[in-house]
Amino acid sequence: MNIPLVDLKANYRSIKKEVDTAIQDVLDSCSFIMGPFVKKFEEDFARFCQVKHGIGCANGTAALHLALLASGIKKGDEVLTVPNTFIATTECISYVDGKIKFVDVEPQTALINIDALEKAITKKTKVLIVVDLYGQMPDMQRIREIAVKHDLFVIEDAAQAHAAEWMGHQPGFYGDIACFSFFPAKNLGCYGDGGAVMTNYDELAEKIRLFVNHGRTTKYEHMIEGYNYRLDALQAAILDVKLAHLSKWTDLRREHARFYDRNLPSKVGRIIEAKGAKHVYYMYEIRVQQREPLMTYLKQQGIECGIHYPLPLNLQPAYASLGFKKGQFPVSEQLAQEIVSIPIFPELTDQQRQFIVDHIKKFVSQ
Ligand SMILES: Cc1ncc(COP(=O)(O)O)c(C=O)c1O
(Lines give C-alpha, C1' and ligand atoms only; values in the text may rest on other atoms or scores of the structure.)
Protein backbone atom coordinates (compact mmCIF):
# COMPACT_ATOMS: atom_id res chain seq x y z
CA MET A 1 0.00 0.00 0.00
CA ASN A 2 1.07 3.59 -0.63
CA ILE A 3 -0.60 6.08 1.67
CA PRO A 4 0.35 9.76 1.35
CA LEU A 5 0.04 12.15 4.27
CA VAL A 6 -2.57 14.04 2.25
CA ASP A 7 -4.06 12.67 -0.99
CA LEU A 8 -4.66 15.69 -3.22
CA LYS A 9 -5.14 13.49 -6.30
CA ALA A 10 -7.97 11.50 -4.71
CA ASN A 11 -9.56 14.78 -3.63
CA TYR A 12 -9.39 16.25 -7.14
CA ARG A 13 -10.80 13.06 -8.68
CA SER A 14 -13.82 13.28 -6.36
CA ILE A 15 -14.79 16.76 -7.64
CA LYS A 16 -13.09 16.85 -11.05
CA LYS A 17 -16.18 17.72 -13.11
CA GLU A 18 -17.23 20.59 -10.86
CA VAL A 19 -13.72 22.03 -10.65
CA ASP A 20 -13.07 21.74 -14.39
CA THR A 21 -16.36 23.53 -15.14
CA ALA A 22 -15.54 26.30 -12.66
CA ILE A 23 -12.09 26.82 -14.21
CA GLN A 24 -13.61 26.90 -17.70
CA ASP A 25 -16.15 29.50 -16.53
CA VAL A 26 -13.34 31.80 -15.40
CA LEU A 27 -11.43 31.25 -18.65
CA ASP A 28 -14.55 32.00 -20.72
CA SER A 29 -15.25 35.16 -18.75
CA CYS A 30 -11.62 36.37 -18.80
CA SER A 31 -12.35 37.95 -15.42
CA PHE A 32 -9.05 37.02 -13.79
CA ILE A 33 -8.43 39.81 -11.28
CA MET A 34 -10.99 40.63 -8.55
CA GLY A 35 -14.46 40.59 -10.17
CA PRO A 36 -17.44 38.27 -9.64
CA PHE A 37 -15.63 35.01 -8.80
CA VAL A 38 -13.63 36.59 -6.00
CA LYS A 39 -16.66 38.46 -4.67
CA LYS A 40 -18.82 35.34 -4.66
CA PHE A 41 -16.25 33.27 -2.81
CA GLU A 42 -15.65 36.04 -0.26
CA GLU A 43 -19.39 36.20 0.44
CA ASP A 44 -19.85 32.44 0.55
CA PHE A 45 -16.89 31.89 2.88
CA ALA A 46 -17.99 34.71 5.20
CA ARG A 47 -21.45 33.12 5.39
CA PHE A 48 -19.89 29.73 6.08
CA CYS A 49 -17.73 31.15 8.90
CA GLN A 50 -20.63 33.27 10.17
CA VAL A 51 -18.38 36.33 10.08
CA LYS A 52 -19.55 39.61 8.54
CA HIS A 53 -16.64 40.32 6.17
CA GLY A 54 -14.40 38.03 4.15
CA ILE A 55 -11.55 39.45 2.10
CA GLY A 56 -9.69 37.11 -0.22
CA CYS A 57 -5.93 37.51 -0.46
CA ALA A 58 -2.84 35.97 -2.00
CA ASN A 59 -1.96 33.45 0.75
CA GLY A 60 -2.10 32.90 4.50
CA THR A 61 1.12 34.83 5.11
CA ALA A 62 -0.33 37.86 3.33
CA ALA A 63 -3.51 37.43 5.40
CA LEU A 64 -1.48 37.68 8.62
CA HIS A 65 0.46 40.67 7.31
CA LEU A 66 -2.82 42.41 6.39
CA ALA A 67 -4.24 41.68 9.83
CA LEU A 68 -1.22 43.23 11.55
CA LEU A 69 -1.32 46.26 9.25
CA ALA A 70 -4.97 46.75 10.19
CA SER A 71 -4.24 46.28 13.92
CA GLY A 72 -2.52 49.67 14.10
CA ILE A 73 0.65 48.13 15.59
CA LYS A 74 3.63 50.46 15.98
CA LYS A 75 7.37 49.80 15.77
CA GLY A 76 8.59 47.92 18.85
CA ASP A 77 5.15 46.87 20.08
CA GLU A 78 5.15 43.35 21.49
CA VAL A 79 3.22 40.58 19.77
CA LEU A 80 2.61 37.39 21.72
CA THR A 81 2.33 34.04 20.00
CA VAL A 82 3.52 30.43 20.32
CA PRO A 83 6.82 28.93 19.15
CA ASN A 84 5.33 25.68 17.78
CA THR A 85 3.92 27.00 14.54
CA PHE A 86 4.90 27.65 10.95
CA ILE A 87 7.22 30.64 10.55
CA ALA A 88 4.58 32.68 8.69
CA THR A 89 2.96 33.36 12.09
CA THR A 90 6.01 35.37 13.18
CA GLU A 91 7.32 36.59 9.82
CA CYS A 92 4.39 38.96 9.65
CA ILE A 93 5.36 40.45 13.04
CA SER A 94 8.78 41.35 11.64
CA TYR A 95 7.17 42.78 8.46
CA VAL A 96 5.57 45.49 10.64
CA ASP A 97 8.61 45.97 12.96
CA GLY A 98 6.85 44.36 15.90
CA LYS A 99 8.67 42.45 18.66
CA ILE A 100 8.15 38.69 18.69
CA LYS A 101 7.44 37.30 22.16
CA PHE A 102 6.70 33.64 22.71
CA VAL A 103 4.40 31.87 25.15
CA ASP A 104 4.69 28.11 25.67
CA VAL A 105 1.88 25.65 24.97
CA GLU A 106 -0.10 22.96 26.78
CA PRO A 107 1.27 19.42 26.32
CA GLN A 108 -2.16 17.81 25.80
CA THR A 109 -3.38 20.08 23.00
CA ALA A 110 -0.16 21.78 21.77
CA LEU A 111 -2.14 25.05 22.02
CA ILE A 112 -1.23 28.23 23.88
CA ASN A 113 -0.91 27.95 27.67
CA ILE A 114 -3.37 30.61 28.76
CA ASP A 115 -1.93 31.01 32.28
CA ALA A 116 1.51 31.62 30.75
CA LEU A 117 -0.08 34.04 28.29
CA GLU A 118 -1.55 36.12 31.07
CA LYS A 119 1.82 36.27 32.82
CA ALA A 120 3.65 37.30 29.64
CA ILE A 121 1.57 40.44 29.03
CA THR A 122 3.38 43.74 29.65
CA LYS A 123 2.53 47.37 28.95
CA LYS A 124 4.20 46.99 25.56
CA THR A 125 2.03 44.04 24.51
CA LYS A 126 -0.44 45.16 21.86
CA VAL A 127 -1.30 42.11 19.79
CA LEU A 128 -1.86 38.42 20.40
CA ILE A 129 -1.70 35.91 17.54
CA VAL A 130 -3.52 32.74 18.55
CA VAL A 131 -2.60 29.69 16.47
CA ASP A 132 -5.31 27.07 15.88
CA LEU A 133 -2.66 24.40 15.46
CA TYR A 134 -3.53 21.13 13.69
CA GLY A 135 -7.14 22.34 13.35
CA GLN A 136 -8.10 23.06 16.96
CA MET A 137 -9.01 26.38 18.60
CA PRO A 138 -7.93 27.06 22.19
CA ASP A 139 -10.30 28.39 24.88
CA MET A 140 -11.17 31.56 22.98
CA GLN A 141 -13.68 32.77 25.57
CA ARG A 142 -10.95 33.00 28.19
CA ILE A 143 -8.54 34.51 25.70
CA ARG A 144 -11.14 37.12 24.72
CA GLU A 145 -11.63 38.08 28.38
CA ILE A 146 -7.89 38.51 28.89
CA ALA A 147 -7.61 40.52 25.66
CA VAL A 148 -10.41 42.86 26.71
CA LYS A 149 -8.85 43.32 30.15
CA HIS A 150 -5.44 44.24 28.67
CA ASP A 151 -6.69 45.96 25.52
CA LEU A 152 -5.01 43.48 23.18
CA PHE A 153 -5.81 43.10 19.51
CA VAL A 154 -6.47 39.41 18.79
CA ILE A 155 -5.55 37.79 15.48
CA GLU A 156 -6.51 34.15 14.98
CA ASP A 157 -4.06 32.27 12.78
CA ALA A 158 -6.67 29.85 11.46
CA ALA A 159 -4.53 28.69 8.51
CA GLN A 160 -5.09 25.10 9.68
CA ALA A 161 -8.58 25.46 11.08
CA HIS A 162 -11.30 25.89 8.44
CA ALA A 163 -14.64 24.94 10.05
CA ALA A 164 -13.10 24.49 13.50
CA GLU A 165 -15.14 25.73 16.47
CA TRP A 166 -14.78 26.78 20.07
CA MET A 167 -18.12 26.51 21.88
CA GLY A 168 -19.98 26.55 18.58
CA HIS A 169 -18.17 29.52 17.02
CA GLN A 170 -15.63 29.45 14.21
CA PRO A 171 -12.48 31.57 13.88
CA GLY A 172 -13.41 35.24 13.47
CA PHE A 173 -16.02 35.26 16.23
CA TYR A 174 -13.80 35.77 19.29
CA GLY A 175 -10.82 37.48 17.66
CA ASP A 176 -10.69 40.86 15.96
CA ILE A 177 -9.50 39.19 12.77
CA ALA A 178 -9.08 35.58 11.63
CA CYS A 179 -6.60 34.61 8.92
CA PHE A 180 -6.91 31.59 6.65
CA SER A 181 -4.53 29.90 4.23
CA PHE A 182 -5.83 27.97 1.22
CA PHE A 183 -2.49 26.27 0.50
CA PRO A 184 -3.37 23.10 -1.49
CA ALA A 185 -2.96 20.66 1.42
CA LYS A 186 -5.16 22.66 3.80
CA ASN A 187 -8.67 21.46 4.76
CA LEU A 188 -9.96 24.03 2.28
CA GLY A 189 -7.16 24.30 -0.25
CA CYS A 190 -6.93 25.81 -3.72
CA TYR A 191 -4.71 24.81 -6.64
CA GLY A 192 -1.96 27.28 -5.97
CA ASP A 193 -1.74 29.94 -3.26
CA GLY A 194 -4.68 31.65 -1.62
CA GLY A 195 -5.79 33.15 1.69
CA ALA A 196 -8.52 35.15 3.40
CA VAL A 197 -8.95 37.66 6.19
CA MET A 198 -12.22 37.54 8.15
CA THR A 199 -13.61 40.14 10.51
CA ASN A 200 -16.86 41.28 12.06
CA TYR A 201 -15.64 44.90 12.22
CA ASP A 202 -16.54 47.24 9.34
CA GLU A 203 -13.60 49.59 9.86
CA LEU A 204 -11.06 46.74 9.87
CA ALA A 205 -12.59 45.28 6.71
CA GLU A 206 -12.37 48.66 5.02
CA LYS A 207 -8.67 49.04 5.90
CA ILE A 208 -7.87 45.51 4.73
CA ARG A 209 -9.66 46.06 1.41
CA LEU A 210 -7.41 49.07 0.85
CA PHE A 211 -4.18 47.29 1.82
CA VAL A 212 -4.96 44.19 -0.27
CA ASN A 213 -5.22 46.10 -3.56
CA HIS A 214 -2.67 48.95 -3.74
CA GLY A 215 -4.64 51.26 -1.45
CA ARG A 216 -7.09 51.79 -4.29
CA THR A 217 -10.38 53.63 -3.96
CA THR A 218 -10.92 53.77 -7.72
CA LYS A 219 -8.82 52.35 -10.56
CA TYR A 220 -6.09 55.00 -10.31
CA GLU A 221 -6.84 56.74 -7.05
CA HIS A 222 -4.78 55.45 -4.13
CA MET A 223 -5.70 56.47 -0.60
CA ILE A 224 -2.56 54.84 0.81
CA GLU A 225 0.32 52.74 -0.44
CA GLY A 226 -0.92 49.19 -0.27
CA TYR A 227 0.11 45.80 -1.61
CA ASN A 228 -0.73 43.50 -4.47
CA TYR A 229 -2.10 40.80 -2.18
CA ARG A 230 -5.25 39.94 -4.17
CA LEU A 231 -6.80 36.49 -4.35
CA ASP A 232 -6.68 35.12 -7.91
CA ALA A 233 -10.10 34.64 -9.56
CA LEU A 234 -9.24 31.11 -10.75
CA GLN A 235 -8.41 30.12 -7.17
CA ALA A 236 -11.59 31.78 -5.88
CA ALA A 237 -13.72 29.78 -8.33
CA ILE A 238 -12.02 26.53 -7.30
CA LEU A 239 -12.41 27.39 -3.61
CA ASP A 240 -16.11 28.04 -4.08
CA VAL A 241 -16.58 24.55 -5.51
CA LYS A 242 -14.61 23.01 -2.63
CA LEU A 243 -16.38 25.07 0.04
CA ALA A 244 -19.64 23.27 -0.74
CA HIS A 245 -17.94 20.00 0.29
CA LEU A 246 -16.10 21.29 3.37
CA SER A 247 -18.64 20.24 6.01
CA LYS A 248 -18.79 16.70 4.66
CA TRP A 249 -14.99 16.51 4.45
CA THR A 250 -14.68 17.83 8.00
CA ASP A 251 -17.05 15.10 9.25
CA LEU A 252 -14.93 12.49 7.48
CA ARG A 253 -11.70 13.82 9.01
CA ARG A 254 -13.32 13.71 12.45
CA GLU A 255 -14.54 10.17 11.85
CA HIS A 256 -11.01 9.04 10.92
CA ALA A 257 -9.68 10.76 14.04
CA ARG A 258 -12.19 8.87 16.23
CA PHE A 259 -11.03 5.64 14.60
CA TYR A 260 -7.41 6.47 15.45
CA ASP A 261 -8.44 7.51 19.00
CA ARG A 262 -10.14 4.17 19.54
CA ASN A 263 -7.67 1.88 17.82
CA LEU A 264 -4.15 3.20 18.28
CA PRO A 265 -2.28 1.42 21.07
CA SER A 266 -2.44 3.17 24.44
CA LYS A 267 1.38 3.31 24.55
CA VAL A 268 1.26 5.93 21.80
CA GLY A 269 0.68 9.49 23.02
CA ARG A 270 -1.80 11.81 21.27
CA ILE A 271 -2.75 15.43 20.95
CA ILE A 272 -6.28 15.46 22.31
CA GLU A 273 -9.47 17.31 21.40
CA ALA A 274 -10.27 19.60 24.34
CA LYS A 275 -13.78 19.82 25.79
CA GLY A 276 -15.49 22.76 24.06
CA ALA A 277 -13.43 22.45 20.87
CA LYS A 278 -14.44 21.07 17.50
CA HIS A 279 -11.11 19.87 16.13
CA VAL A 280 -11.04 19.58 12.33
CA TYR A 281 -7.88 17.48 12.10
CA TYR A 282 -5.80 19.24 9.50
CA MET A 283 -3.24 16.94 11.08
CA TYR A 284 -3.63 13.97 13.42
CA GLU A 285 -0.70 13.98 15.84
CA ILE A 286 0.78 11.15 17.80
CA ARG A 287 3.67 11.44 20.27
CA VAL A 288 6.42 8.84 20.44
CA GLN A 289 9.87 8.73 21.93
CA GLN A 290 11.41 6.63 19.16
CA ARG A 291 10.30 8.89 16.36
CA GLU A 292 12.98 8.22 13.74
CA PRO A 293 12.73 4.39 13.81
CA LEU A 294 8.92 4.57 13.75
CA MET A 295 8.90 6.93 10.76
CA THR A 296 11.46 4.79 8.92
CA TYR A 297 9.39 1.66 9.59
CA LEU A 298 6.16 3.28 8.42
CA LYS A 299 7.89 4.62 5.30
CA GLN A 300 9.04 1.09 4.49
CA GLN A 301 5.39 0.00 4.66
CA GLY A 302 4.41 2.80 2.24
CA ILE A 303 2.94 5.09 4.91
CA GLU A 304 4.00 8.73 4.62
CA CYS A 305 4.23 10.72 7.84
CA GLY A 306 5.29 14.27 8.66
CA ILE A 307 6.63 16.40 11.52
CA HIS A 308 4.81 19.63 12.32
CA TYR A 309 7.19 21.10 13.35
CA PRO A 310 10.68 19.68 13.98
CA LEU A 311 12.25 22.91 15.28
CA PRO A 312 10.30 25.46 17.34
CA LEU A 313 10.61 29.03 16.15
CA ASN A 314 12.65 30.16 19.17
CA LEU A 315 15.42 27.81 18.00
CA GLN A 316 15.29 28.68 14.29
CA PRO A 317 18.47 30.13 12.74
CA ALA A 318 16.34 32.99 11.39
CA TYR A 319 15.75 34.15 14.98
CA ALA A 320 19.25 33.54 16.38
CA SER A 321 19.77 37.28 16.76
CA LEU A 322 16.66 37.66 18.97
CA GLY A 323 18.33 35.98 21.94
CA PHE A 324 15.94 33.12 22.66
CA LYS A 325 17.47 30.24 24.59
CA LYS A 326 17.20 26.48 24.39
CA GLY A 327 14.95 25.23 27.18
CA GLN A 328 13.01 28.49 27.39
CA PHE A 329 9.82 26.90 26.03
CA PRO A 330 10.16 23.32 27.28
CA VAL A 331 6.77 21.98 26.20
CA SER A 332 7.11 23.23 22.62
CA GLU A 333 10.68 21.91 22.49
CA GLN A 334 9.64 18.48 23.81
CA LEU A 335 6.72 18.26 21.39
CA ALA A 336 9.07 19.10 18.51
CA GLN A 337 11.06 15.99 19.34
CA GLU A 338 8.16 13.57 19.73
CA ILE A 339 5.40 14.61 17.39
CA VAL A 340 4.48 12.64 14.26
CA SER A 341 1.66 13.51 11.85
CA ILE A 342 0.01 10.40 10.44
CA PRO A 343 -2.14 10.36 7.27
CA ILE A 344 -5.54 11.96 7.61
CA PHE A 345 -7.65 13.27 4.74
CA PRO A 346 -11.32 12.87 3.81
CA GLU A 347 -10.72 10.16 1.19
CA LEU A 348 -8.75 7.89 3.54
CA THR A 349 -10.31 4.42 3.20
CA ASP A 350 -11.22 1.99 6.00
CA GLN A 351 -8.53 -0.32 4.67
CA GLN A 352 -5.87 2.38 4.66
CA ARG A 353 -6.54 3.57 8.19
CA GLN A 354 -6.62 -0.01 9.49
CA PHE A 355 -3.29 -0.66 7.75
CA ILE A 356 -1.79 2.41 9.46
CA VAL A 357 -3.05 1.38 12.90
CA ASP A 358 -1.87 -2.23 12.40
CA HIS A 359 1.65 -1.13 11.55
CA ILE A 360 1.90 1.36 14.42
CA LYS A 361 0.73 -1.45 16.75
CA LYS A 362 3.27 -3.84 15.27
CA PHE A 363 6.08 -1.32 15.72
CA VAL A 364 5.31 -0.48 19.34
CA SER A 365 4.89 -4.13 20.35
CA GLN A 366 8.37 -5.04 19.03
C1 LIG B 1 -0.16 28.05 11.09
C2 LIG B 1 0.10 28.63 9.73
N3 LIG B 1 0.15 29.98 9.60
C4 LIG B 1 0.35 30.56 8.41
C5 LIG B 1 0.54 29.82 7.27
C6 LIG B 1 0.87 30.52 5.99
O7 LIG B 1 0.00 30.24 4.94
P8 LIG B 1 0.49 30.31 3.42
O9 LIG B 1 1.37 29.14 3.17
O10 LIG B 1 -0.80 30.25 2.64
O11 LIG B 1 1.17 31.61 3.23
C12 LIG B 1 0.47 28.42 7.34
C13 LIG B 1 0.62 27.61 6.13
O14 LIG B 1 1.35 26.73 5.95
C15 LIG B 1 0.26 27.81 8.61
O16 LIG B 1 0.21 26.49 8.74
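The values are calculated or read from the model by the stated rules, or taken from the named source; none is laboratory data. Treat the numbers as computed from the prediction; the structure is a model and nothing was measured. Please note: Cβ atoms are built from the backbone with ideal geometry, for glycine as well, and neighbour counts cover all protein chains shown.
The table that follows gives values for the structure above.
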quantity	calculated
Any hit, the stretch 254-265, residues being without any contact (Cβ under 8 Å) to a residue 60 or more places away in the chain and in contact with a helix residue (DSSP H, G or I) (Cβ under 8 Å, 6 or more places away or on another chain)	no
Extreme residue, surrounded by the most Cβ atoms within 10 Å (Cβ to Cβ), among residues of the stretch 171-183 that are within 16 Å of the ligand (Cβ to nearest atom) and over 12 Å from the mean Cα position of the chain (by Cα)	Ile177
Single match in Tyr134, Tyr174 (criterion: assigned to a helix (DSSP H, G or I), at pLDDT 95 or above, of a type outside the set (Val, Ile, Thr) and closer than 22 Å to Tyr281 by Cβ)	Tyr134
Among residues of the stretch 142-200, those that are more than 21 Å from Lys278 (Cβ to Cβ) and among the acidic types (Asp, Glu), counted	3
Cross-chain or 6+ apart pairs with Cβ under 7 Å, the stretch 294-320 first and not assigned by TED's automatic domain parsing to the domain that holds Tyr282, then buried (at least 18 other Cβ atoms within 10 Å of the Cβ) and among the aromatic types (Phe, Trp, Tyr)	none
Test: residue in the stretch 308-328 that is closer than 27 Å to Asn187 by Cα, more than 21 Å from the chain's Cα centre (by Cα) and at pLDDT 95 or above	no
Single residue of the stretch 105-140 satisfying the filter (touching a residue at least 24 places away in the same chain (Cβ under 8 Å) and charged (D, E, K, R)) that is nearest to the ligand (Cβ to nearest atom)	Asp132
Residue, surrounded by the most Cβ atoms within 10 Å (Cβ to Cβ), within the stretch 36-54, restricted to residues that are of a type in the set (D, E, K, R) and touching a residue at least 12 places away in the same chain (Cβ under 8 Å)	Glu42
From the options Ile55, Ile73, Ile3, Ile87, residue that is away from the ligand (no atom under 16 Å from the Cβ) and in contact with a helix residue (DSSP H, G or I) (Cβ under 7 Å, 6 or more places away or on another chain)	Ile3
Residue within the stretch 141-156 that is within 12 Å of the ligand (Cβ to nearest atom), in the same structural domain as His53 (by TED's automatic domain parsing) and crowded, with 18+ Cβ neighbours inside 10 Å present	yes
Pairs with Cβ under 7 Å, 6+ apart, first in the stretch 82-95 and touching a residue at least 60 places away in the same chain (Cβ under 8 Å) and outside any loop (DSSP other than H, G, I, E, B), second of a type in the set (Ser, Thr, Tyr) and buried (at least 20 other Cβ atoms within 10 Å of the Cβ)	Ala88/Thr61; Thr89/Thr81; Thr90/Thr81
Residue within the stretch 8-30 that is outside any helix (DSSP H, G or I) and of a type in the set (S, T, N, Q) present	no
